[in-house]
2 protein chains.
Amino acid sequence: MTETRLDAVKLDGAGPVYDQIRRAIRDLVVSGEWQPGTSVPPEHALMEQLGASRMTVHRALVQLAREGLITRRRRSGTVVATPPASHAMLDILSIPEEVRQLGQAYAYEVLARTDGRPSPEVAELFGLKRSDKVAHLIVLHRADGKPHVLEERVIHAAGVTGLADENFAETPPGDWLLQHSLWSQAEHAISAIGAGEEQAALLDIAVGEPCLLVERRTWNQSHPVTAVRLLYPGFRHRFVGRFGPYGAA
Amino acid sequence: MTETRLDAVKLDGAGPVYDQIRRAIRDLVVSGEWQPGTSVPPEHALMEQLGASRMTVHRALVQLAREGLITRRRRSGTVVATPPASHAMLDILSIPEEVRQLGQAYAYEVLARTDGRPSPEVAELFGLKRSDKVAHLIVLHRADGKPHVLEERVIHAAGVTGLADENFAETPPGDWLLQHSLWSQAEHAISAIGAGEEQAALLDIAVGEPCLLVERRTWNQSHPVTAVRLLYPGFRHRFVGRFGPYGAA
DNA sequence: ACTTGCCAATTGCATATGCAATTGGATAGC
DNA sequence: GCTATCCAATTGCATATGCAATTGGCAAGT
């Protein structure tokens, strides 16, 4: 268990004390300075370090715990939480999970991989320099043997360690990246598009068949990590969410 | 401003006191017993009624305020909030707003309206009895004069007051419903589909052109309110969301 | 070794208290 | 009437204090 530096917690004098404390610790967590798994100083230590009462420190920590950034247990103390993986529909989805939750058998094939410079379009789409190194992958995911979704992915080599040595034989790139990279920002877009010739052939559908296109771009500290286009045959796919006026059900 | 009954707040003895208070009030709000706009008793009153200290009551109220169920202001007191209308992409969207946020001029036409019994398909889709009364509407929304989205909507007359007298000349049905009905549950599905003949003609696109189909069904206390199918031409539409591992950005 | 029991560290919760900030409404003055 | 002023109701915040609950790890005993 890595150590956290107590003196890294600093107040900025803006607003209520409990909120200053909350923000200070949140920033340390979100910036990655306090890694998941490291232990947060106990309330007494923070109390002395910051010159606040224990209840005030407590209030900040309780709130952070409710927000899911830290987890707390009596006696063992407080530790930085590992970020939650998934958030209903908008989320970073794991395709294997998605398929298995439908009760179907999952399989995938890496159809192509090229390592090198990004093409102009890719560089544009992704905000990369032509000189950056990227891996370009095309993966077909199957559910019960039938084509389920076509994945086209670009990975920025500089943002991920071990990319060159990974051949994605065991784990599809999306899941592999979840374990080997960090992300702090993502953008997610859904649109409808007709299948192109190659795409239709791979997905075993007719050319022009309506498909759902999910495009996702991911950054770590404004540093591109990966961009992916997922093409789902429309007629066999819907994204469903259920919720109430006061939040997801 | 309607009054709230103080003695409606009852603790159930389960778990921490502050949480009992929070749940008690939350239930009164969510169940509709305390309507939006009504004022919540001040901390002192709750404190006496419940035999808890002010700080404990305070804690419950602060948390409810953070969750958005109530709003609090010094001196004026605490009132039940009107439920928030929108939540990023998954939300109950107002199409006029959506269009205006794109900086385009909004207009709409009600193309058809029939009041009567639901067709078998509609009844099926919506979980209605054949004997229920419904209104069936077809509305075309335009942005800068061009067709933007085709709306097909079924409204359950029993769930909405004033439906028969409304002709939707001033306000499109989606927005009108937001003001004249309550909902406690919604389901939202996104898929891709090719435009049918009539749809294509209305949207001024080619038959078979890929479209985003958003289907939403809404209930109030497990009681159907409305169901809607929104058909967006795919090539001029994408739903975008931005977020981080700790929530929306 | 292995088990049992105990202690102390740590968080969870509630209370009592005091003061600050905001502001609706009453009151006084014009 | 109209305005300026003040007061009191209400929430916001911080502290000090005490006890409860949990449990990691040590110590003692077998």
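Data overview
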| read-out | value |
| --- | --- |
| Matching residues in segment B:44-54 - criterion: being charged (D, E, K, R) and within 10 Å of DNA strand C (Cβ to nearest atom) | B:Arg54 |
| Pick from segment B:50-66, criterion more than 9 Å from DNA strand D (Cβ to nearest atom) and more than 10 Å from chain A (Cβ to nearest Cβ), ranking: nearest to B:Gln185 (Cα to Cα) | B:Leu64 |
| Residue identified as of a type outside the set (A, V, I, L, M) and in a strand (DSSP E or B) among B:Phe235, B:Phe168, B:Phe239 | B:Phe239 |
| Candidates B:Asp165, B:Asp175, filtered to the one that is charged (D, E, K, R), away from every other protein chain (no Cβ under 12 Å) and within 16 Å of the chain's Cα centre (by Cα) | B:Asp175 |
| Filtered residues of segment B:34-74 (kept if under 21 Å from B:Asp12 (Cβ atoms), not hydroxyl-bearing (Ser, Thr, Tyr) and not in a helix (DSSP H, G or I)) | B:Trp34, B:Val40, B:Pro41, B:Gly51, B:Ala52, B:Leu69, B:Ile70 |
| Tally of residues being closer than 24 Å to B:Leu182 by Cβ, within 14 Å of DNA strand C (Cβ to nearest atom) and of a type in the set (Ser, Thr, Tyr) across segment B:55-83 | 2 |
| When residues of segment B:198-227 are limited to those that are surrounded by fewer than 17 Cβ atoms within 10 Å (Cβ to Cβ) and among the acidic types (Asp, Glu), the one nearest to B:Gly159 (Cα to Cα) | B:Glu198 |
| Among (1) in contact with a Phe, Trp or Tyr (Cβ under 8 Å, 6 or more places away or on another chain); (2) modelled with pLDDT of 90 or more; (3) away from every other protein chain (no Cβ under 12 Å) - the single one B:Arg153 does not satisfy | (1) |
| Given (1) within 14 Å of B:Gly77 (Cα to Cα); (2) touching a residue at least 24 places away in the same chain (Cβ under 8 Å); (3) over 30 Å from the mean Cα position of the chain (by Cα), number of the condition B:Val40 does not satisfy | (3) |
| Test: residue in segment B:110-123 that is under 18 Å from the mean Cα position of the chain (by Cα), surrounded by 17 or more Cβ atoms within 10 Å (Cβ to Cβ) and assigned to a loop (DSSP other than H, G, I, E, B) | no |
| A:Ala206 being in contact with an Asp or Glu (Cβ under 9 Å, 6 or more places away or on another chain), farther than 16 Å from A:Leu140 by Cβ and hydrophobic (A, V, I, L, M, F, W, C) | no |
| Among (1) within 14 Å of chain B (Cβ to nearest Cβ); (2) farther than 30 Å from B:Ile205 by Cβ; (3) touching a Phe, Trp or Tyr at 6+ places or on another chain (Cβ under 6 Å) - the single one A:Leu182 does not satisfy | (3) |
| Neighbours by Cβ (under 6 Å, 6+ apart or cross-chain): first from segment A:56-70, on the phi < 0 side of the Ramachandran plot; second within 15 Å of DNA strand D (Cβ to nearest atom) and acidic (Asp, Glu) | A:Val57/A:Glu43; A:His58/A:Glu43 |
| Pick from segment A:1-24, criterion within 14 Å of DNA strand C (Cβ to nearest atom) and surrounded by 13 or more Cβ atoms within 10 Å (Cβ to Cβ), ranking: modelled with the lowest pLDDT | A:Thr4 |
| Count - residues of segment A:67-79 that are within 15 Å of DNA strand D (Cβ to nearest atom) and surrounded by fewer than 18 Cβ atoms within 10 Å (Cβ to Cβ) | 7 |
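The values are calculated or read from the model by the stated rules, or taken from the named source; none is laboratory data. Fair warning: this is a prediction, and the values are worked out from it, not measured in the lab. Positions of Cβ are backbone-derived with ideal geometry, glycine not excepted, and every protein chain shown enters the neighbour counts.
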